[in-house]
1. Compute the distance in nm between two label points, each set 7 Å from the Cα along the Cα-to-Cβ direction, one at residue 26 and one at residue 91.
2. Can you tell me the orientation of helix 77-110 relative to the chain, as the angle in degrees between its alpha-carbon axis and the longest Cα principal axis, to the nearest 10?
3. Can you give the relative contact order of the chain as a percent, counting alpha carbon pairs under 8 Å and 6+ residues apart?
4. If you average the sequence gap of Cα pairs under 8 Å that are 6 or more apart and divide by the length of segment 29-102, what percent do you get for the contact order?
5. Sort the following peptides by mean Cβ neighbour count (other Cβ atoms within 10 Å, averaged over residues), highest first: 74-81, 51-58, 35-42.
6. If the chain between residue 171 and residue 135 were fully stretched, how many nm would it gain, using 0.36 nm times the residue separation less the Cα-Cα distance?
7. Angle check, please: helix 37-51 long axis (alpha carbons) against the longest principal axis of the chain (alpha carbons), in degrees 0 to 90, nearest 10.
8. When the label point is put 7 Å from the Cα of residue 36 along its Cα-to-beta-carbon vector, which residues of segment 67-98 have a backbone N closer than 18 Å?
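Every number in this text was worked out from the coordinates using simple rules, so none of it is lab data. This structure is a prediction, so every number in the text was calculated from the model and none was measured. As a convention, Cβ positions derive from the backbone with ideal geometry for all residues, glycine included, and neighbour counts pool all protein chains shown.
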């Protein structure tokens, strides 16, 4: 197993986290042609709002799940992203963010059709992130808190790569971000 990097950033407050999200609007995403990193997060949050309308923390996890992109190697962005948001958005959001890569590995291992739905960048990053899980790793994942919600986040992540898709903008998520942060 490759040694993972330590987190390089932890947001001190909601304003600094929102400033980072705004910056992500200028970064071309590797996820798909024609979208920014913020577009990807907004699409992921919108997917989760449609599938889990009563789970605001899960929706916010979708919004921020890739906030560590650009801060570390792609194999480590789940851990870096989780640690970056933990102090502002709490343990549950951080746990969901931190599980989204492991959830991809779980799904390619347990769902024969899932691998075919991965974007080219997700396929390319899969090997660096550890590839398929062993049987014991599958069992360990299923024993984790929030593992089912992490699968929802991962499926939304894969669906959130559509150029020109009309979803609510960041301003519409500010009240939810504030509510989730207030619950910390």
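1. Roughly 3.7 nm, to one decimal.
2. Between helix and principal axis, roughly 30 degrees.
3. It rounds to 30 percent for the chain.
4. 24 percent
5. Ranking, from highest mean packing down: 35-42, 74-81, 51-58.
6. 8.7 nm
7. 80 degrees
8. Within reach of a label on residue 36, which here means backbone N under 18 Å from a point 7 Å along Cα→Cβ, segment 67-98 contributes 67-71.
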